[in-house]
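Notes follow once the structure below has been shown.
The values are calculated or read from the model by the stated rules, or taken from the named source; none is laboratory data. Predicted model only: the values in this text are computed from it and were never measured. Ideal geometry is used to build each Cβ from the backbone, glycine not excepted, and the neighbour counts take in all protein chains shown.
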Amino acid sequence: MPNDPYDDFLKNIARMVEDIIRNMPQGEGARFIGYTIIAGNHGETPQIIHIGKNPHEEIEYEVIEDENYLFITASLPPGSRFAAYADISADSVTIVVGEQRAPIRLDSKIDVIHSFYQVRHGVIDIILKKKKPV
């Protein structure tokens, strides 16, 4: 399947934003917590569906869903001495930072093997591949 020309465009924008953030002067008052750019499949309009917000104020997250994936982005507590990770299971994911936990129940079944997460600049991005219905 050929790439959608907008995918390359969005990748270039993501690189530019990353360069801006990396070279931003410290102490100017502006602060980025994180960003995610998700390109839809050819001919599809991207959809944003908010499943919920974590009741614990320590770890706030947002869930975006499309036909095949769930994308979870969370701001991690500043100054933590512990590495953050995502505990991914078939029907939930838990964001863990030391003793702090943010359990997230999911409406879709997850293909755990093809799901992953990345922690960068105080933000954890979790990409969960949905299991195909049988």
query = Counting only residues that are at pLDDT 95 or above and hydrophobic (A, V, I, L, M, F, W, C), which one in the range 55-89 is surrounded by the fewest Cβ atoms within 10 Å (Cβ to Cβ)?
reply = 88
request  = Within the range 95-114, count every residue that is of a type in the set (S, T, N, Q) and part of a loop (DSSP other than H, G, I, E, B).
outcome  = 1
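Going by the conditions given, is residue 112 within 26 Å of residue 18 (Cβ to Cβ), at pLDDT 90 or above and aliphatic (A, V, I, L, M)? Let's see the steps before the verdict.
Values: within 26 Å of residue 18 (Cβ to Cβ): no; at pLDDT 90 or above: yes; aliphatic (A, V, I, L, M): yes.
Spelling it out, it is not the case that residue 112 is within 26 Å of residue 18 (Cβ to Cβ), at pLDDT 90 or above and aliphatic (A, V, I, L, M).
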inquiry  = Quick check on the range 90-109: of everything there that is polar (S, T, N, Q) and within 21 Å of residue 60 (Cβ to Cβ), which residue is modelled with the lowest pLDDT?
reply    = 100
ask   = Does residue 42 meet the test of being at pLDDT below 80 and surrounded by 12 or more Cβ atoms within 10 Å (Cβ to Cβ)?
value = yes
